[in-house]
Amino acid sequence: MRILVVEDEVKVTSFIKKGLQEESYAVDVAYDGVEGLAFLEMNVYDAVILDLMLPKKNGIEVMREVRARKLNVPVLMLTARDTLADKVMGLDAGADDYLTKPFAFQELLARLRSLLRRGKAEVAMLKVADLALDPATRKVKRSDQEIILTAKEFSLLEYMMRNVNKPLSRTMLSEHVWDINFDRMTNVVDVYINFLRNKVDKDFETKLIHTVRGVGYILKG
């Protein structure tokens, strides 16, 4: 899953990014409100962690523009202010949840997971042919046989299942599972696709993961 962090405090940004990457999230970082909005225009994110006090455009302004542009992305707002008025203002602007600084990373992670589950409630279980993936429990089965995946393999498969029968370029796959600074000259996407094929397709007659020559890969169902 890909997360955007919009926060101008370098130490806080580094703390959040490192923690999320250790949990296998792909993380992009913007240091002001204008840059954050530009990232949201260019990329698709599963969630946004947005600071209230930002240069150029503050979090409330960013939040209002996000909702005005009909960008349906869960937003967790961060702030050093803990007054009820500030919380109400953030939520009224369109934020989905609110966390006051300083905070424990485990609480941020729990709130983020809650937002991600809420945003995917309508499609809790993904199914393609006899392959099933549960985002909530992070379990994968094919023909009732459990498949054990690493965090990156799971993210890659989930993205492909959410885009079943659509050709996905290596750039699309890398940006969603890794982050904007990913080195597109490496063959890591091909390596992870091979890992998935060995786990998802190897022992089954019907192959689901296919190469699209000159483009990338497709999951056919």
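Quick look at the values:
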quantity: Enumeration of residues in the range 73-87 that are among the aliphatic types (A, V, I, L, M) and assigned to a helix (DSSP H, G or I); calculated: Leu84, Ala85
quantity: Residues satisfying the stated conditions in the range 59-110, i.e. acidic (Asp, Glu) and closer than 17 Å to Asp32 by Cβ; calculated: Glu61, Glu65
quantity: Scan of the range 150-178 for residues that are among the β-branched types (Val, Ile, Thr) and either more than 20 Å from Arg213 (Cα to Cα) or crowded, with 19+ Cβ neighbours inside 10 Å (or both), ordered by number; calculated: Thr150, Val177
quantity: Number of the exception - Ala93 against (1) surrounded by 15 or more Cβ atoms within 10 Å (Cβ to Cβ); (2) touching a strand residue (DSSP E or B) at 6+ places or on another chain (Cβ under 8 Å); (3) not hydroxyl-bearing (Ser, Thr, Tyr); calculated: (2)
quantity: Inter-residue pairs, beta-carbon under 8 Å, first more than 18 Å from Val189 (Cα to Cα) and in the range 202-216, second exposed (fewer than 12 other Cβ atoms within 10 Å of the Cβ) and acidic (Asp, Glu), 6+ apart; calculated: none
quantity: Selection count, the range 26-39, where residues are crowded, with 22+ Cβ neighbours inside 10 Å, hydrophobic (A, V, I, L, M, F, W, C) and within 21 Å of Tyr98 (Cβ to Cβ); calculated: 2
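No value in this document is a laboratory result; all are computed from the given coordinates. What you see is a predicted model, and the numbers here were worked out from it, not measured in a lab. So basically every Cβ, Gly included, is an ideal-geometry build from the backbone, and we count neighbours across all protein chains shown.
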